[in-house]
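Okay, structure first, notes after.
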């Protein structure tokens, strides 16, 4: 069985990268679709195939729901964020995202039906920090939340909306980055 | 015999298997059987409150302390969902 931990590079097509960027920009603009939690944060799942040490992204699955305010997930997130979140201009209760169980199960089922492997999740960073003006890496909080997930954490930097960037880190660990090969034209 | 559906990210603990058969007839015992046969899954139960359980596609409302009273029938399909989060 091909393992995500053996992946050394990730192939992302221009079309799928555009899909991710569109999702992020739509949420940033506050243009919400039906059933979507009205927060200006984008998060979703990337699924695809693994061939030896190469992962190929085949599908973008957006998460519409942020269960950040739903117990018992809220208490868990409040606790972790209180301990690990870097102070920012955004209040803690408006930060962080966590999947809704039913939406996540539906996403897994979709991947199984289509024969796809879940590669990881993505979310965007939009606020520049003094010590990290680009925000294209996982924060300490991201690393804690992704620990032992067995998945890549894809970080989309949208600090400069005209120059979005994407990077991939196994289990959100800044030391375990895997290069993304963006198809020409991206 | 019920079967437990393992989500894709957790299959590294089951040798890539999507389904694990369990013989026990209540959810609590079935979970213990699952962990006994696949010890890598044990850490998932460190925070049982975060685990969502679906039986035949319906989300179970009972909390983990009540799992002993949840009966499993032959052919029941149990899915475990562990949330994914980011900052």
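The values are calculated or read from the model by the stated rules, or taken from the named source; none is laboratory data. Since the structure is predicted, the reported quantities are computational estimates derived from the model, not experimental observations. Don't worry about glycine lacking a Cβ; one is built from the backbone with ideal geometry, like all the others, and counts go over all protein chains shown.
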Selection count, the range B:3-25, where residues are at the interface with chain A (Cβ under 9 Å from one of its Cβ atoms) and not in a loop (DSSP other than H, G, I, E, B): 7
Inspect the range B:42-54 for any residue being farther than 24 Å from residue A:75 by Cα and touching a helix residue (DSSP H, G or I) at 6+ places or on another chain (Cβ under 6 Å) and give the result as yes or no. no
For the range A:1-13, what are the residues that are assigned to a helix (DSSP H, G or I) and either surrounded by 16 or more Cβ atoms within 10 Å (Cβ to Cβ) or modelled with pLDDT of 95 or more (or both)? A:4
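Matching residues to (1) closer than 19 Å to residue A:178 by Cα; (2) touching a strand residue (DSSP E or B) at 6+ places or on another chain (Cβ under 6 Å); (3) in a helix (DSSP H, G or I):
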{"residue": "A:22", "(1), (2), (3)": "no, no, yes"}
{"residue": "A:26", "(1), (2), (3)": "no, no, yes"}
{"residue": "A:30", "(1), (2), (3)": "no, no, no"}
{"residue": "A:49", "(1), (2), (3)": "yes, yes, no"}
{"residue": "A:59", "(1), (2), (3)": "yes, yes, no"}
{"residue": "A:65", "(1), (2), (3)": "no, no, no"}
{"residue": "A:68", "(1), (2), (3)": "no, yes, yes"}
{"residue": "A:78", "(1), (2), (3)": "no, no, yes"}
{"residue": "A:88", "(1), (2), (3)": "no, no, no"}
Can you tell me which of B:35, B:22 is more than 23 Å from residue A:149 (Cα to Cα) and either over 12 Å from the mean Cα position of the chain (by Cα) or surrounded by 13 or more Cβ atoms within 10 Å (Cβ to Cβ) (or both)? B:22
Looking at residue A:47 and the list (1) within 24 Å of residue A:160 (Cα to Cα); (2) at pLDDT 95 or above, which single condition is not satisfied? (1)
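Residue-by-condition table, conditions (1) part of a strand (DSSP E or B); (2) within 7 Å of another protein chain (Cβ to nearest Cβ); (3) closer than 26 Å to residue A:6 by Cβ; (4) modelled with pLDDT of 90 or more:
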{"site": "A:93", "(1), (2), (3), (4)": "no, no, no, no"}
{"site": "A:110", "(1), (2), (3), (4)": "no, no, yes, yes"}
{"site": "A:115", "(1), (2), (3), (4)": "no, no, yes, yes"}
{"site": "A:121", "(1), (2), (3), (4)": "yes, yes, yes, yes"}
Assuming residue B:6 fulfils every condition listed in (1) closer than 27 Å to residue A:123 by Cβ; (2) without any contact (Cβ under 8 Å) to a residue 60 or more places away in the chain apart from one, which condition is it? (2)
Do we have residue B:11 as surrounded by fewer than 14 Cβ atoms within 10 Å (Cβ to Cβ) and closer than 23 Å to residue A:63 by Cβ here? no
Set B:69, B:58: member being surrounded by fewer than 18 Cβ atoms within 10 Å (Cβ to Cβ) and within 12 Å of chain A (Cβ to nearest Cβ): B:58
For the range A:124-154, name all the residues that are more than 9 Å from chain B (Cβ to nearest Cβ), at pLDDT 90 or above and assigned to a strand (DSSP E or B). A:124, A:152, A:154
